[in-house]
Every structure is written in structure tokens, then in C-alpha cells.
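One structure below.
The values are calculated or read from the model by the stated rules, or taken from the named source; none is laboratory data. These figures come from a predicted structure and were not determined experimentally. Here the Cβ positions follow ideal geometry from the backbone for every residue, glycine too, while neighbour counts run over all protein chains shown. In case anyone asks, the SASA skips ligands and DNA or RNA and just uses the protein heavy atoms, side chains included. Shrake-Rupley method; radii C 1.70, N 1.55, O 1.52, S 1.80 Å.
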Amino acid sequence: PYSYRGSAQPLGFQSRDIGLFQDTDGTGYLLSEDRASGLRIDRLSSDYLSVTSAVTVFADFEAPAMVRIGGTYYMFGSHLTGWSTNDNVFATSTSLSGGWSAFTNFAPVGTHTYNTQTANIVPVQGSSGTTYIYAGDRWTTGNLGTSPLVWLPLTIHANTVTVGWYNQWTVDTGAGTWQANASNPGQGTHILSNAHSGQALDVSGGSTANGGLVVQEPRNGASSQQWTLQPLSGNVFTLRNNKSGLCLDVPNSATTSGLQLDQWTCNGGANQQWAFDAVGNYQSGSNTSYILVSPNSGKTAEVKGQSTTQGATVDQWPGNGGSNQTWSLS
């Protein structure tokens, strides 16, 4: 049995879509949405039973969840679309009280966060690392009590976050690591074909030199169009070109939009890592279409300008759901 103890609007504001966050020093924070003023972070009292002060107010978002990794805070939230899902977003800061980045998508554009809305971020810390699980509500509007919760592993590096779809995946709670099932592209050699142009990811002129530029060319089976995927963790891979032995690379670890990709001596850097996030019919169980997201920049490998021209540049660009950013593996 419970005894009613009272109620209040924290600091006089509505408190909708409530979430909680506890910082490393034990301080608690209420995360909530006030339709009139926005998404709020408010500090709790030392006994966690009341709100003492406002910390930050964001614009029009709801469904907040937050995690701290090292010195960086990650705030996740949803746009305001009622029970309908949307492309959820995240922002980062080194301080709860200010300096927050702009909000940006963390799931492929147009998937509506795989038809979910942010509920919680669950850290699973182990001996070999920490897996951060995105827990999202998939609302069943005709019977809300039956709405399922969808769990997916996040890929987080510095200030970038991505999430891919997996019908099945496992987490090793002792090690703090996760592994995808066979729908993951897996280790092996593939030709990557662009969904818009039908042409293959290639190195210009079949170059074997460091800095050789990456382009699209008609599929011809050449070794310069063959890429060996080496798994690093979860859905993150390096792509080693079979002709040159060099890795698909973002030059100089730059984060600039429109920068052409190249190949470089494999060194394990974040600018040579690529998260394969499933798109299209992602629940089919046999999906081979992906966007390739650089954990270094948070940007996506694409054929520039949706070109269908032979030799067109392959660059990095913010995810926008375009077919020129989608690649199939064969």
C-alpha cells in the first residue's frame, strides 16, 4: 500500500515525459518537458525528493534520456509528434548548464528511429568495455499498454552517436561488449554498390598509393572494387581495399562536409572506422543495405550530388536519407 504524499509542478512548470539522471558525483537531475517552455534539466535536492533549481532549457523536444561518458554528457530526445514516431536526436556538452551542441539525428534519416521514441539509455559496463543500449518505445496507439520496448546497441565515439537495426543481437554483460547476428555485414570481402547509381565503391585509377581518391565506377569485379571488412566492435568495421591493401579513410580526420574520401595505410584511427547502420527493409532479416557512418565525423559516405556519372566523387556528408548514401553489399 502507498500513502499519498502530495504533488507539485517543479519550479512551477509542467513535468511531462519524466526522466532521471544521476551524475558521477551523486547529484540527481529531473529531465522533463514543459510544452510552453521546452525540454528541461532541473537539479534535485540531495534526498532526490524535490527540485531545487533550473539547469538548462532546450527547445521543443520531449522523451529525454541522458548518459555521461567521461567528461561528455549526451542528451537524447524526440520531436513533438504525439504517438507518431520521428527521427529522434541527440546533443552533447561538457557541462550540463551550457555549451550544448545542436541536436542531430542518431538513427538513419527516415527510419523514425526504427519506429521508436527514446525511453532510456542503459549502460552495461564490463571487463572489456561498456555497451550503451538505446531503449525506445514503439507505441501501439490502439492499446498503449501492449507497446513493446525496442533495445538496440549504440555506437558512440567522441561527439558522434549512431544506432543500427538488428533483429537479434547479444550483449556480454561480463565483458560489456555486444555482437550482432548474421544480418550484420560480417567479416569478408564485398563489393559495395550505390543504391542511386548502381555503381561500385572504387579507388580512382586503381591506385595503390596513400591518398588515392575514392570514387564510383561501373561494377567490373576489379580488385580495386573489392573491400575486406574487418570487424572492430559491434557494427563498426574497417574497409581494406583488396588491390592496394589500404583502408577507406577520411583525410586528416577532418569533419568537413563534402570532403572526398581516400585510402591510407591502415592505422585503426577513428577516421578509418565505419559503422554499418541498416536501412530499407531493416526488419526482413536478410537486409544488405546500409549507410556507412564515420564515428570520427558523424557523417555518411555518399556519392556527391547524387551523381550517376562514372568517376564521381565519394565524399562524407550529413545523413539525409538519400539513396546516394545507401550501399548494398555483394
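Quick one: compute the contact order of region 1-115, relative version, from alpha carbon pairs under 8 angstrom and 6+ residues apart, as a percent. Show your work: numbers first, answer last.
Numbers: 240 pairs, mean separation 18.4, N = 115.
Rounded, it is 16 percent for region 1-115.
If you take all C-alpha pairs in region 203-252, what percent of them are over 18 Å apart? Display every interim value, and only then the final one.
On the way: 371 of 1225 pairs.
Summing the P(r) of region 203-252 above 18 Å gives 30 percent of all pairs.
For region 67-145, just the Cα atoms, rotate onto the principal axes and tell me the three extents in Å, largest first.
Answer, in whole Å and largest first: 41, 32, 22 Å.
So what are the ³J(HN,Hα) numbers for region 174-179, from phi and the Karplus equation (6.51, -1.76, 1.60; θ = phi - 60°), rounded to whole Hz, Gly and Pro as x?
After applying 6.51 cos²θ - 1.76 cosθ + 1.60, I find x, 8, x, 10, 9, 9 Hz.
Please get the size of the charge dipole for region 117-259, origin at its Cα centre, with Cβ charges of +1 on Lys and Arg and -1 on Asp and Glu, quoted in debye to the nearest 20.
120
Which of the peptides 4-12, 78-86 is most tightly packed, and how do the rest follow, judged by the mean count of other Cβ atoms within 10 Å per residue?
Numbers: 4-12: 9.1, 78-86: 15.2.
Final packing ranking: 78-86, 4-12.
State the answer as a single residue: which of SER32, TYR74, ASN143 lies farthest towards the positive end of the charge dipole of the chain, with beta carbon charges of +1 for Lys and Arg and -1 for Asp and Glu, about the Cα centre.
ASN143
Any idea what the alpha-carbon Rg over 2.2 N^0.38 Å comes to for the chain?
So the chain has a normalised radius of gyration of 1.08.
Per residue of region 304-314, what does 6.51 cos²θ - 1.76 cosθ + 1.60 with θ = phi - 60° give for ³J(HN,Hα)? Whole Hz please, x for Gly and Pro, Karplus curve as stated.
In residue order, the calculated couplings are 4, x, 6, 5, 10, 7, 4, x, 5, 5, 9 Hz.
Given H placed on each backbone N at 1.01 Å, which residues far from VAL203 in sequence or on other chains put an amide H within less than 5 Å of it?
Close amide H contacts, sequence-distant or interchain: VAL215.
Per residue, how much accessible surface does the chain expose to a 1.4 Å probe? Answer in Å², no decimals.
So the chain comes to 44 Å² accessible per residue, rounded to a whole number.
Keeping the other protein chains in place, figure out the carbon and sulfur percent of the accessible area of region 94-164, with a 1.4 Å probe.
Using a 1.4 Å probe with all protein chains present, region 94-164 comes out at 48 percent carbon and sulfur.
Just check region 1-69 against the gyration tensor rule for me: Cα atoms, a ≥ b ≥ c as the square roots of the eigenvalues, rounded for a/c under 1.5, and otherwise prolate or oblate depending on whether a/b exceeds b/c.
Details: a/c = 1.70, a/b = 1.11, b/c = 1.53.
Oblate, since a/c reaches 1.5 and b/c is not below a/b.
Could you pull out the chymotrypsin sites (Phe, Trp or Tyr not before Pro) across region 237-330 that fall in loop regions by DSSP (anything but H, G, I, E, B) with no more than 15 other Cβ atoms inside 10 Å?
In loop regions of region 237-330 (DSSP not H, G, I, E or B), there are no sparsely surrounded chymotrypsin sites (Phe, Trp or Tyr not before Pro).
With a 10 Å radius around each residue's Cβ, average the other Cβ atoms per peptide and rank 160-166, 133-139, 170-176, highest first.
Top of the packing list down: 160-166, 133-139, 170-176.
Can you compute the charge dipole magnitude of the chain about its Cα centre, using +1 on each Lys and Arg Cβ and -1 on each Asp and Glu Cβ, nothing else charged? Give it in debye, rounded to the nearest 20.
The dipole of the chain has a size of about 240 debye.
Equivalent-ellipsoid semi-axes (√(5λ), Cα gyration tensor) for region 101-219, whole Å, largest first?
33, 20, 15
Order 250-260, 103-113 from most to least packed using the mean count of other Cβ atoms within 10 Å.
Descending mean neighbour count gives 103-113, 250-260.
Using the Cα centre of the chain as origin and beta-carbon charges of +1 (Lys, Arg) and -1 (Asp, Glu), tell me which of GLY311, ASN296, TYR2 is placed farthest towards the positive end of the dipole.
GLY311
Please list, ordered by chain and number, the residues whose modelled amide H lies under 5 Å from the amide H of VAL55; skip anything fewer than 5 residues away on the same chain.
So VAL55 has HN proximity to ILE41, ASP42, ARG43.
What ³J(HN,Hα) values, in whole Hz, does the Karplus curve 6.51 cos²θ - 1.76 cosθ + 1.60 give for region 198-211 when θ = phi - 60°, with x put for Gly and Pro?
Each residue's phi maps through the Karplus curve to give x, 8, 9, 5, 9, 9, 3, x, x, 4, 10, 8, 4, x Hz.
Mind jotting down the distance between the C-alpha centroids of region 200-260 and region 101-121, whole Å?
Cα centroid to Cα centroid, the span is 28 Å.
Can you list the residues, at least 5 places off or on another chain, whose amide H is less than 5 Å from the amide H of TRP178, using H built in the peptide plane?
The list, which skips near neighbours in sequence, is ASP172, GLY234.
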